[in-house]
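Just below is one structure, and these are the notes that go with it.
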Amino acid sequence: MQTFVHGEAVWGVASPRRPSLVSGVTMAGFQVRDLDALRMVPHPAVTLLLEFGAGSPVMDGGAGRTQSGSLVGGPGFGAGGAVWVRGQNVECLQVRLSPLIARAVLGVSPAELDGVVVPLEDLWGRGKVSEIRERLAEAGTWGERFAMADALLARRHEEREPVDPEVAWAWDRIVAGRGLVRVDGLAEEVGWSRKRLWSRFRSQLGLRPKRAVTLIRFDHAAHRLVAGEGAARVAADAGYADQSHLHREVMAFAGVTPGTVADEPFLAVDDFAWPGHA
């Protein structure tokens, strides 16, 4: 486990030594003694937060909603800077699932999450989530925790059908292009009608193609801003019309300006836990 310091916050961060058994799964482990309010910045993956420490992470969402324990968030949750996490003596394993495999692993489509955070026990049942928590807490090392979580995810993934290959192809095209793709051309390339692709994409991945494009483009741009690149260059390279366009989309997703998002603790620790992101 490595130590990451940002301001007054000190994070313990663990990373797996080998790739997941399942393509589209990445993981990281965290230990934080004093987790002050941390703004969650939207990400294109489905996020699983598996907690097992003495304290439980607490997520504060919009409309006064507060949730704690093991949680799952749909792709792009936290848009507008509406979700914050806090806690004391937090230990958790965070899993990121590509939307392509999220339906198989979760047992429900990401569309049912609708970009929000829900308790994991709502999907897997209280007994199963309690069992996972106990096994993570009893594990002697982070390597054991990652292996246990990976085996669980692999079993669940094998039990269910994958998404349509046309939907997977369209998603991969958007990701490979970092959002720089012509959305209307995707349907033509897979040989489907626009209506059919939009409907299948939304029902299986949890967001529409246009939303996927803007979210992936924002994610790439935000991490480049964190890396210290200037807003003008990021706007030009990431496909924004101009800096004003970048400003509007960063505000829409993160609730802060490009200058402020570059200093967001969430993105800083994110780059440390998942190096080479951008």
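The values are calculated or read from the model by the stated rules, or taken from the named source; none is laboratory data. As the structure is a prediction and not an experimental result, all values here were calculated from the model. Glycine also receives a Cβ, built like all others from the backbone with ideal geometry; neighbour counts cover every protein chain displayed.
Against the condition closer than 26 Å to Val72 by Cβ and not aliphatic (A, V, I, L, M), how does His223 come out, does it pass? It is true that His223 is closer than 26 Å to Val72 by Cβ and not aliphatic (A, V, I, L, M).
Condition test on Ala37, is it surrounded by fewer than 18 Cβ atoms within 10 Å (Cβ to Cβ), closer than 14 Å to Phe266 by Cα and in contact with a Phe, Trp or Tyr (Cβ under 8 Å, 6 or more places away or on another chain)? So Ala37 passes the test. Scoring Ala176 on the criteria (1) more than 24 Å from Asp219 (Cβ to Cβ); (2) surrounded by fewer than 13 Cβ atoms within 10 Å (Cβ to Cβ); (3) within 18 Å of the chain's Cα centre (by Cα); (4) not polar (S, T, N, Q) leaves a single failure, condition (1). Filtered by the rule that a residue be of a type in the set (Lys, Arg) and either under 28 Å from Trp169 (Cβ atoms) or out of contact with any strand residue (DSSP E or B) (no Cβ under 8 Å at 6 or more places or on another chain) (or both), region 99-140 gives Arg103, Arg126, Lys128, Arg135.
From the list Pro209, Pro265, the lone residue that is in the same structural domain as Ala170 (by TED's automatic domain parsing) and out of contact with any Phe, Trp or Tyr (no Cβ under 6 Å at 6 or more places or on another chain) is Pro265. Scanning region 223-240 for residues that are surrounded by 14 or more Cβ atoms within 10 Å (Cβ to Cβ) and assigned to a loop (DSSP other than H, G, I, E, B), we see that the one that is nearest to the chain's Cα centre (by Cα) is Ala238. Of everything in region 191-217 that is farther than 30 Å from Asp242 by Cα and surrounded by 18 or more Cβ atoms within 10 Å (Cβ to Cβ), the residue that is modelled with the lowest pLDDT is Trp192.
State which residue is farthest from Gly191 (Cα to Cα) when the search covers only region 135-167 and only residues that are surrounded by fewer than 19 Cβ atoms within 10 Å (Cβ to Cβ) and touching a residue at least 60 places away in the same chain (Cβ under 8 Å). Checking each candidate, the answer is Ala137. Out of Gly259, Gly177, Gly185, Gly230, one residue alone is small (Gly, Ala, Ser), closer than 19 Å to Ser98 by Cβ and without any contact (Cβ under 8 Å) to a residue 60 or more places away in the chain. It is Gly177.
For the residues Leu100, Leu123, the requirement of being assigned to a helix (DSSP H, G or I), aliphatic (A, V, I, L, M) and out of contact with any Pro (no Cβ under 8 Å at 6 or more places or on another chain) singles out Leu123. The set of residues in region 16-45 being within 14 Å of Glu91 (Cα to Cα) and not acidic (Asp, Glu) consists of Met27, Ala28, Gly29, Phe30, Gln31, Val32, Arg33, Leu35. A single entry from His43, His6 fulfils the requirement of being under 22 Å from Leu215 (Cβ atoms) and in contact (Cβ under 8 Å) with a residue 24 or more places away in the chain: His43.
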